[in-house]
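Chemist: I'd like to ask you about the structure that follows.
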Amino acid sequence: QQIQEDLNKQLLDNLVNFLSQSHSGFQEKTTEWTCRMKFREIPTAALVLGVNVTDHDLTFRGLSDVLQDNVTPYVALLEAKDCPGIKNLMQKLMGQLMSCDVDVDSLEDEDYVPVSQNRIRCSMPSLVSWYENVTKKTESETPNKKRNSSSRHWQSPPVVVIFKDMESFTTKVLQDFIVISSQHIHELPLVLIFGIATSPMIIHRLLPHSVSSLLCIELFQSLSCKEHLSTIIDKLLLTSQFPFKLGGKVVQVLINIFLYHDFSVQNFIKGFQLCIMEHFYSQPLSILCSQLVDVKKRVCSLSHNQCENIRRLPSFRRYVEKQESRKQIELLTDDSFLKEETEKLLEDLHVYHENYVSILRCLHVFTSSLPKYPLGKQIRELHCACLENRVWETEEYESSLQLARMLNKTDLVTMVQQCVEILMSSSGKEFDKTVEKLKKFLTQFQNLEAEASQEQDVSVSSQKELQKKTDLYHLQKTLLELKESRRSKKLTKFEMLRFEVVDYMDSLVRKYLVPADSRTLHEIVYFNAATVLRGHLNAAPRTALHMALNTPHWYLKNQALRCDGGGICNKAPDICIVYKLHLECGRLINLVDWLEAFSTVVTAAEEGNADAASSDQVDDIIHARFIRAVSELELLGFIKPSKQKTDHVARLTWGGC
């Protein structure tokens, strides 16, 4: 929440400045406001938020809080679903401004809203008179103050109306409201904020010129959802502050859902929270997933069963196999020795995380500046590549090294300087020698400047000599000689230093960016169950429907509905019986045969009923139940009417779930 507030701060500050500028004229009655009043222009902020609609609520909630805390208490949030007509819009608007809950359905046939046991007509003149009374009352209560009684709001605060989803509002509702409001702009300091998910051009598509000309529009652009996500990943995942970590495949699942489904940062965070709950629920050793200062206390409190759980971990078993036989026996039999070793291993894992993040950022400095971005432009892509396998064994990494060996001096020096800053700000204690080495490289680059200028003079003179050769034969001969000399030419000092820098970065990558699953006890802090997460987040409605209709006893908690051996229980709900019968049919299902089979199953449960009605009445009831069950099955998408035969329906689903 703090990260998202920081990201939206600049946008909210710009909106507050816009409100102050548009409102200052109304307070002082300046010439600008008088001109705007003549043309009846309404100050309007077009807020482009992007297609991640699920994140808009948080932004509007934050905007509303900021405005109500610092600018004006009169803020109304309107949604298209609550405003099908201008009357509903006015009811919602006045209800929110006057701090009363308005039930639109209950007021569907009325033009009034209840306020303090009074009924006020929902119209713009009523809103203007209410605003004048409220502001006069506030000014009379605090005559010596420039602001109202809370001293936070402005004098004569504006009335801010926020349309959260402008694209969803009908054109007529927007037109009517804007036209009516423009006629009272000299009496009411109204400011509109349009929440836009697509493009600002939607304003001109929805509103004709005669209406849009009544708006004084200023455009505001929020941070893109991709930049938002990159910041969230950078602050939450790529940090040693939080002990809980996500595996590479899990991160990839969350990012794929973000990129290919909704671009919603909120849903990404919900997926992250789901990973936390799933990890601490399913991993019995998650008690050790804590800050380093608490690890020792928690390790000492481990029970014998928890020690046995540690011994069962695959990474710990691999660790034991590499030890001497004497130490192996102690690790497998002595709990106190195991606790000491576990504490050391968890400390090593914490150090690994600190070093990993720092070197990952250094590697990203190099790869993000290369053309074509072999390892990806964003650090999240590089993070996933390093978590899943040894990144230095991939073709993308090899191509990145080749491109890095062709960087010019300016770019290379800038990258090394950035790496020095990253490592100096890191909490890792192993980078003192690394920083000294990189600073030594920078000094060597500075010493090469004089030599580079001399080499440049030589190359310029050779080019001048080449230009003097006007004969084609001599020109070709000279070019061939230059080519041969370049082949046999030794590397310059800069090229050798450049190779040395790139090779040194490669050694750091191989040392510190080892995949997490190769570290001992990584199962305690890493959540790697990507399949479980995908099952939670990727909905499979057909599978859920099949399970519910095929095994209703699980959902209804009624074992009487259970039928073993693939039979059909005659006490099950009608739709379950119809569904199981339709599974036995082919592509086309005869409705008459289907009805007879349904009737046979249902009547088997009613044969012993002595109070049963006449057979005709029973047939009518069964027929009605069958029609309803078939209609429900069609609604769920399992069948559809057939054009080939009128008394048949076509089956739409095949295969097992």
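Chemist: I'd like to know if region 567-587 contains one or more residues that are open to solvent by less than 40 Å² (accessible area, probe 1.4 Å), free of Cβ contacts under 8 Å to residues at least 24 places away in the same chain, on the phi < 0 side of the Ramachandran plot and more than 45 Å from the chain's Cα centre (by Cα).
Modeler: yes
Chemist: Consider ARG121 carefully, then state whether it is closer than 21 Å to SER182 by Cα, open to solvent by 80 Å² or more (accessible area, probe 1.4 Å), at pLDDT below 85 and not assigned by the TED database to the domain that holds THR171.
Modeler: Yes: the conditions hold for ARG121.
Listed here are the residues, each with its yes/no results for (1) crowded, with 17+ Cβ neighbours inside 10 Å; (2) touching a residue at least 40 places away in the same chain (Cβ under 8 Å); (3) touching a strand residue (DSSP E or B) at 6+ places or on another chain (Cβ under 6 Å).
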residue	(1), (2), (3)
ASN389	no, yes, no
GLU395	no, no, no
THR410	no, no, no
MET415	yes, yes, no
LEU423	yes, yes, no
GLN444	no, yes, no
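Chemist: Kindly evaluate HIS184 against the criterion of being touching a strand residue (DSSP E or B) at 6+ places or on another chain (Cβ under 8 Å), outside any helix (DSSP H, G or I) and at pLDDT below 90.
Modeler: Criteria met by HIS184.
Chemist: Still on this model: Checking GLN559 against (1) of a type outside the set (Asp, Glu); (2) open to solvent by 50 Å² or more (accessible area, probe 1.4 Å); (3) within 38 Å of the chain's Cα centre (by Cα): exactly one of these is not met. Which one?
Modeler: All conditions pass for GLN559, except number (3).
Yes/no per residue for (1) among the β-branched types (Val, Ile, Thr); (2) crowded, with 18+ Cβ neighbours inside 10 Å; (3) at negative phi:
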{"position": "MET201", "(1), (2), (3)": "no, no, yes"}
{"position": "THR239", "(1), (2), (3)": "yes, no, yes"}
{"position": "LYS245", "(1), (2), (3)": "no, yes, yes"}
{"position": "LEU259", "(1), (2), (3)": "no, no, yes"}
{"position": "MET277", "(1), (2), (3)": "no, no, yes"}
{"position": "VAL293", "(1), (2), (3)": "yes, no, yes"}
{"position": "SER301", "(1), (2), (3)": "no, no, yes"}
{"position": "HIS304", "(1), (2), (3)": "no, no, yes"}
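Chemist: Considering only residues that are without any contact (Cβ under 8 Å) to a residue 60 or more places away in the chain and either under 30 Å from PHE527 (Cα atoms) or among the basic types (Lys, Arg) (or both), which ones fall in region 189-225?
Modeler: Passing the criteria: only ARG205.
Chemist: While we're looking at this one, here's another question. Determine which member of the set TRP654, TRP594 is aromatic (Phe, Trp, Tyr) and at pLDDT below 90.
Modeler: TRP654
Chemist: If I filter region 319-335 for residues that are part of a helix (DSSP H, G or I), closer than 20 Å to ARG519 by Cβ and within 39 Å of the chain's Cα centre (by Cα), do I get at least one hit?
Modeler: Scanning region 319-335, I find at least one residue that is part of a helix (DSSP H, G or I), closer than 20 Å to ARG519 by Cβ and within 39 Å of the chain's Cα centre (by Cα), so the answer is yes.
Chemist: Out of region 66-77, which residues are within 15 Å of ASN14 (Cα to Cα) and either open to solvent by less than 10 Å² (accessible area, probe 1.4 Å) or not aliphatic (A, V, I, L, M) (or both)?
Modeler: LEU67, ASN70, VAL71
Chemist: Of everything in region 261-275, what is buried (at least 18 other Cβ atoms within 10 Å of the Cβ), assigned to a helix (DSSP H, G or I) and not hydrophobic (A, V, I, L, M, F, W, C)? Give them in sequence order.
Modeler: ASN267, GLY271, listed by residue number.
Chemist: Can you find even one residue in region 372-385 that is of a type outside the set (A, V, I, L, M), within 20 Å of LEU438 (Cα to Cα) and without any contact (Cβ under 8 Å) to a residue 24 or more places away in the chain?
Modeler: Scanning region 372-385 turns up no residue that is of a type outside the set (A, V, I, L, M), within 20 Å of LEU438 (Cα to Cα) and without any contact (Cβ under 8 Å) to a residue 24 or more places away in the chain.
Chemist: Can you name the helices (runs of 4 or more DSSP H) wholly within region 372-440 that have at least 1 residues being aliphatic (A, V, I, L, M) and either outside the structural domain of ARG510 (by the TED database) or within 15 Å of LEU360 (Cβ to Cβ) (or both)?
Modeler: By residue number, 379-388, 409-425.
Chemist: May I pose another question? Taking region 397-408 only, how many residues are under 26 Å from GLU436 (Cα atoms) and open to solvent by less than 60 Å² (accessible area, probe 1.4 Å)?
Modeler: 7
The values are calculated or read from the model by the stated rules, or taken from the named source; none is laboratory data. These numbers were taken from a predicted model, which means no experiment stands behind them. When we count neighbours, we look across all protein chains shown, and the Cβ atoms used for this are built from the backbone with ideal geometry, even at glycine. Accessible surface is based on the protein model in full, side chains and every heavy atom, while ligands, DNA and RNA are left aside. Shrake-Rupley method; radii C 1.70, N 1.55, O 1.52, S 1.80 Å.
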